[in-house]
Amino acid sequence: MRPPHGLGGATECDRADLLPPGYQVGKWVLTQLIGSGGWSTVYAARPADGHPDRNGKAATPPGPTDVALKIMPTAGLAPRQARRIVESARREVELGRRAGHPRLIGLLKSFVLSAPDRPCLDGAIVLVMERAAGSLRELVDAGVPEADRGRLIAGVCEGLAHLHRSGWVHADLKPENVLLGRDRSVKLSDFGLATELTGTHGYAPPMGTLDYFPPERWRAPLGELGVRVRPTADIWALGIVIHEVFASGGSPFAGATPVARGAAVQEYGEGRAPLRMDHTVPPFWRALAADCLAPTHEARAPHTAESLLARIAAHQETLEAGAGRPGGRARAAVLATALCGIVGATLCSDAVRATSAAPPGRAGATTPGTIRVYNAERGCREQADRDPRCSLGLAIDPVQPYTAENVVPTRVWHGDVLTADCQVPDGEPIIDEEDRRSTRWFRVRLPAGSKPPTAWLPAVRTKERPALPECL
């Protein structure tokens, strides 16, 4: 293993100490290597299936059967180096605990590894995360299908919008850190450099990926707390990502090395060179990327992730209208993604991409006065446990915007049967990913002792239409 870039010289553990398939880490068994970076190695893993751990105890962890383990060694490092790694892990854990969202890779747990048989890994920090099917980098290298480009960029925007609303800057956005689920969903990952904002800015370690640094980062002073970063740094990186998606991985800044491309970025930032984008980038996306790549923080500040989402949604709607199609799945997916970006929270966990409708996954029929919750996200319909990331929100007031502030603490999941007593036909309009639009809301009763005792379920969150009286 190598220490983080810029943290010092070699140690006795500087060489790669990769673990073989079948090696047990905590209650997980490694199946294959996913990738290795400057300060961590990521493996695919599965539960130990009841096989005894090093203490002789059965080790079958609950939850997903396929995960990714990010192992961050600290052995053999100087105290300052170890502190940097511990701080990086703390950022990921803290962000996962406080800012969970369907467009962010899920952090399931963390622990310290006891590995006396491998001194270089003894005491390593282990993060147990959702397992993705691949990364945007792999897709860019292979060629992103034209039909997927807008959806993927919209998903990245949604993740950024939630991060920024939650008071965080990713600080290392790049295609390698945009993961893709088996259902083709987009999830931002690798929050080791993520920075919590204090007011308008925060401080990050002096590390990152040079190709995605905005002009001001190249001349930013290094203080005791690190380098100052703001959300507009993520917007700059998004502009680079947009260009790569449409230009087969090419950067808008010429140069044979990251340092040479960085010099081109600085020339552009100082007004000594124009922005030159590849001719393969379509006009709409060229304009969007150009706004993301405005040369100064002040010029980029108006172009937030939320405003970019709204522009993408409007563009897609125009395309659909011009093609003569009254809606359709592609338009619905982008509209739903834009809504998620503006609203935030897990209210939208079921409304960010087009999936075919299917009947509720749990057995049993409802009775008059009850309704069964339906989650349009296929992966959540197949969940056997009540994964928090698959929960849905119930509104406090059906005629107010469906935002995080208008949600009761009680959550519901696909297949839950709720008792409903009346309905409102003309509440806040909600559009799902299949372009179904409804203003109808059902008032449902919450478990005894809940505050408030009732809440509101939008009609698009159920396949049933009970004959209920209108609420007075």
Inset, instruction - Hand me the list of strands (runs of 3 or more DSSP E) wholly inside region 138-236 holding 1 or more residues that are touching a residue at least 60 places away in the same chain (Cβ under 8 Å) and crowded, with 19+ Cβ neighbours inside 10 Å. - result: 178-180, 186-188, 226-229
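Conditions tested, residue by residue: (1) aromatic (Phe, Trp, Tyr); (2) within 20 Å of HIS101 (Cβ to Cβ); (3) outside the structural domain of SER251 (by TED's automatic domain parsing).
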{"residue": "LEU121", "(1), (2), (3)": "no, no, yes"}
{"residue": "VAL126", "(1), (2), (3)": "no, no, yes"}
{"residue": "PRO145", "(1), (2), (3)": "no, no, no"}
{"residue": "ARG151", "(1), (2), (3)": "no, yes, no"}
{"residue": "GLY155", "(1), (2), (3)": "no, yes, no"}
{"residue": "GLY159", "(1), (2), (3)": "no, yes, no"}
{"residue": "HIS162", "(1), (2), (3)": "no, yes, no"}
{"residue": "PRO175", "(1), (2), (3)": "no, yes, no"}
Legend entry - The listed residue being in contact with a helix residue (DSSP H, G or I) (Cβ under 6 Å, 6 or more places away or on another chain) and either acidic (Asp, Glu) or outside the structural domain of ARG300 (by TED's automatic domain parsing) (or both), out of SER110, SER114: SER110
Inset, instruction - Would you confirm whether any residue within region 357-379 is at pLDDT below 75 and touching a helix residue (DSSP H, G or I) at 6+ places or on another chain (Cβ under 6 Å)? - result: yes
Inset, instruction - Name every residue in region 257-280 that is basic (Lys, Arg) and either assigned to a helix (DSSP H, G or I) or in contact with an Asp or Glu (Cβ under 8 Å, 6 or more places away or on another chain) (or both), in order of residue number. - result: ARG261
Inset, instruction - Inspect region 213-225 for any residue being closer than 19 Å to LEU163 by Cα and out of contact with any Cys (no Cβ under 7 Å at 6 or more places or on another chain) and give the result as yes or no. - result: yes
Inset, instruction - Quickly run through region 260-279 and pick out the residues that are touching a residue at least 24 places away in the same chain (Cβ under 8 Å) and of a type in the set (Lys, Arg). - result: ARG261, ARG276
Inset, instruction - Could you please let me know if PRO102 is crowded, with 22+ Cβ neighbours inside 10 Å, in the same structural domain as ALA45 (by TED's automatic domain parsing), part of a loop (DSSP other than H, G, I, E, B) and of a type outside the set (Lys, Arg)? - result: yes
Inset, instruction - Exactly one condition in (1) in contact with a strand residue (DSSP E or B) (Cβ under 7 Å, 6 or more places away or on another chain); (2) at pLDDT 80 or above is not met by PRO61; state its number. - result: (2)
Legend entry - Filter result for THR232 (in contact with a helix residue (DSSP H, G or I) (Cβ under 6 Å, 6 or more places away or on another chain) and either of a type in the set (S, T, N, Q) or not assigned by TED's automatic domain parsing to the domain that holds LEU163 (or both)): yes
Legend entry - region 111-122 residues that are surrounded by fewer than 15 Cβ atoms within 10 Å (Cβ to Cβ), paired with ones that are modelled with pLDDT under 80 and among the aliphatic types (A, V, I, L, M) (beta carbon under 8 Å, 6 or more apart): PRO119/ALA75
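The values are calculated or read from the model by the stated rules, or taken from the named source; none is laboratory data. Predicted model, so just to flag it, every value in this text is computed and none were measured. As a convention, Cβ positions derive from the backbone with ideal geometry for all residues, glycine included, and neighbour counts pool all protein chains shown.
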